[in-house]
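The values are calculated or read from the model by the stated rules, or taken from the named source; none is laboratory data. What you are looking at is a predicted structure, and each value in this text was computed from that prediction instead of being measured. Don't worry about glycine lacking a Cβ; one is built from the backbone with ideal geometry, like all the others, and counts go over all protein chains shown.
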Amino acid sequence: MTQSCPRRWPRPIVSYAEVLHRHNIRPNLCLQPATGYRLATAAAARVLAVETDCLFCKIVAKEIPAEIVHETDRTLAFRDINPQAPTHVLVITKGHHADAGAVADADEGLADEMLKAARTIARKEGVAEEGYRLVFNTGAAAGQTVFHAHLHVLGGRDLRWPPG
Ligand code: 5GP
Ligand code: ZN
């Protein structure tokens, strides 16, 4: 990989202290020193588990740049780095869910929010009338390469079927 590869940047988070600082997680040392610290450490561990190995979590955290085109409370949408059509936007959940199935199992209405975001993007991009394609590659055999749920919004050209 070259130095400019986005997967190499930024450097990994190496300590709980840094995670606590970045996410403004503060142990409640005044009230309950032990419990407060344990809670804060658990929160840091959750963040750490996500941020050290997930590209899209890093985009949500603004640690890796992306061209953001739409945002809601629980979703973020940005242009695919390797577009397969004139419009190729990825709608992701801000929280980490491995794939579409995990999204369906997760918070009430989250999948709906992703779908609504995709519809808004299609309209903004001017492809809603002519037609566009929504794709959740789910699992390695289906071509999923980033295991943080994302909905591909593809449009702006004729799309063949079957997709291959
Ligand atoms: P999948 O193959 O998992 O369905 O889709 C992953 C998508 O993420 C691919 O279309 C790929 O081009 C895109 N992608 C991978 N790394 C990055 C990145 O760093 N930034 C952006 N914007 N897209 C990425
Ligand atoms: Zn993630």
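Scan ALA104, ALA77, ALA111, ALA122 and give me the residue that is under 14 Å from LEU154 (Cβ atoms), aliphatic (A, V, I, L, M) and free of Cβ contacts under 8 Å to residues at least 40 places away in the same chain. Reasoning before the result, please.
Working: ALA104 fails: under 14 Å from LEU154 (Cβ atoms); ALA77 fails: free of Cβ contacts under 8 Å to residues at least 40 places away in the same chain; ALA111 fails: under 14 Å from LEU154 (Cβ atoms).
Selected residue: ALA122, the only one of ALA104, ALA77, ALA111, ALA122 that is under 14 Å from LEU154 (Cβ atoms), aliphatic (A, V, I, L, M) and free of Cβ contacts under 8 Å to residues at least 40 places away in the same chain.
Looking only at the stretch 107-164, filter to residues that are modelled with pLDDT under 95 and within 23 Å of ARG74 (Cβ to Cβ); which one of those is nearest to ligand 2 (Cβ to nearest atom)? Once the filter is applied, the top-ranked residue is ASP107. Residues that are in the same structural domain as LYS58 (by TED's automatic domain parsing), within 15 Å of ligand 1 (Cβ to nearest atom) and touching a Cys at 6+ places or on another chain (Cβ under 7 Å) occur at least once in the stretch 143-158. Only one of the listed residues (ILE121, ILE92) is crowded, with 20+ Cβ neighbours inside 10 Å and out of contact with any helix residue (DSSP H, G or I) (no Cβ under 7 Å at 6 or more places or on another chain). That residue is ILE121.
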